[in-house]
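Shown next, in structure tokens, is the structure this report addresses.
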Amino acid sequence: MSKTYFWKSYFKGASFDNSPSIEEALDLAGLNWKIKYVPLIWECGVCSEDGSYLYDDVPKRRGIVREDTNEMLGTVGKIFTTVNNVNAFRFLHSFVEEGTLEIQYAGYFGEGQKVWVLAKVPQSVLVTDNDTINNYFLITNAHDGTQSFTVRLTPIREKNGTIVELGTAAMEWRLRHTRSLPDRMADLHTILSSLPVVIDTQKHIIQELLKIKISKSKALELLEELFPIPLLSKRPLTIKNKRDTIYSLFCSDNEEYAVQGTAWAFYCAVIEYIDTGRSKKLENNLKNALTGTKKELKFDILEKIMTFAAQQQLVR
């Protein structure tokens, strides 16, 4: 397990050197608690005869509360079906038992509104001797009604813990919190069947990026194209600082000859900025990176890098 993940020192939860059972992981991460529904009431605004206000139930809504702390996690509709953490992640048990998955992290965001487990698959992608992409499945259970139960492939760069979206577009499953959720979770046992194809896709993309040479001058040109400064921009300095930060990361990654001046080094520099430099609140950086909030941006960046490289080849 890597010790260099940028978020390892401040995430809420626990990491594991030896893969525990899902029950042990949740217990060690402080996630072995249950949730309950509570009614929501509102002040009707009508005074009773004694001068006090009248209250009534909020229709079609109810609250979700942690049983151990009585912390209100959110409000949900009547059809929202809660799944306690142990039940939500229980389907991982067979994968862990057979060695298909290794639980390395378990954590949560906020006060428990979103709970997640990061389970590593055996298939990694070796870029160079000092650069490896470890593939994980991120499983997220939301208790606040803002997100479906989600399983998504999450490739993490071992050097720093950034999430490189390579071949992951079709490797995400979302299940709504309805009464059928517990039964439908059994279908997730089929999700690993397409993994070998995805690993091959990752290798192909990385090899293509390693073949594309990007000089420092071309890197500056590409940054101007990726992050243009509008003519009437109110914050041109912010955009310039973004470019400068990414350029600095691109140059610093050139310590390894194998990736020096390549599109792979440039892509990783942009990803590192997206994952670590966009929010002053550290937990938000991790939340955005892990849950794929910026995945579409990363897909777009990758496509633009490939298009830029193709145009440069035509110029030659």
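Overview of values
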{"read-out": "Residue within segment 278-289 that is more than 26 Å from the chain's Cα centre (by Cα), in a loop (DSSP other than H, G, I, E, B) and at pLDDT below 90 present", "value": "no"}
{"read-out": "Filtered residues of segment 179-200 (kept if surrounded by fewer than 16 Cβ atoms within 10 Å (Cβ to Cβ) and modelled with pLDDT of 85 or more)", "value": "PRO196, VAL197, ASP200"}
{"read-out": "Cβ pairs under 9 Å, 6+ apart, first in segment 164-178 and under 12 Å from VAL151 (Cβ atoms) and buried (at least 17 other Cβ atoms within 10 Å of the Cβ), second aliphatic (A, V, I, L, M) and at pLDDT 80 or above", "value": "THR168/LEU153; THR168/VAL198; MET171/VAL151; MET171/LEU153; MET171/LEU195; MET171/VAL198; TRP173/VAL151; LEU175/VAL151"}
{"read-out": "Residue in segment 77-98 that is more than 22 Å from the chain's Cα centre (by Cα) and within 26 Å of GLY161 (Cβ to Cβ) present", "value": "no"}
{"read-out": "Flag if THR128 is among the polar types (S, T, N, Q), under 12 Å from the mean Cα position of the chain (by Cα), at negative phi and modelled with pLDDT under 90", "value": "no"}
{"read-out": "Hey, GLU97 assigned by TED's automatic domain parsing to the domain that holds PHE149 and free of Cβ contacts under 8 Å to residues at least 24 places away in the same chain or not", "value": "yes"}
{"read-out": "Every residue from segment 7-25 that is in contact (Cβ under 8 Å) with a residue 40 or more places away in the chain, surrounded by fewer than 18 Cβ atoms within 10 Å (Cβ to Cβ) and in a helix (DSSP H, G or I)", "value": "GLU23"}
{"read-out": "So TRP7, is it within 27 Å of LEU290 (Cα to Cα) and not assigned by TED's automatic domain parsing to the domain that holds ASN288", "value": "yes"}
{"read-out": "Subset of segment 100-122 [in contact (Cβ under 8 Å) with a residue 24 or more places away in the chain and more than 19 Å from the chain's Cα centre (by Cα)]", "value": "THR100"}
{"read-out": "Filtered residues of segment 206-239 (kept if acidic (Asp, Glu) and under 27 Å from LEU126 (Cβ atoms))", "value": "GLU208"}
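The values are calculated or read from the model by the stated rules, or taken from the named source; none is laboratory data. These figures come from a predicted structure and were not determined experimentally. Here the Cβ is made from the backbone with ideal geometry for all residues, glycine too, and neighbour counts use every protein chain on show.
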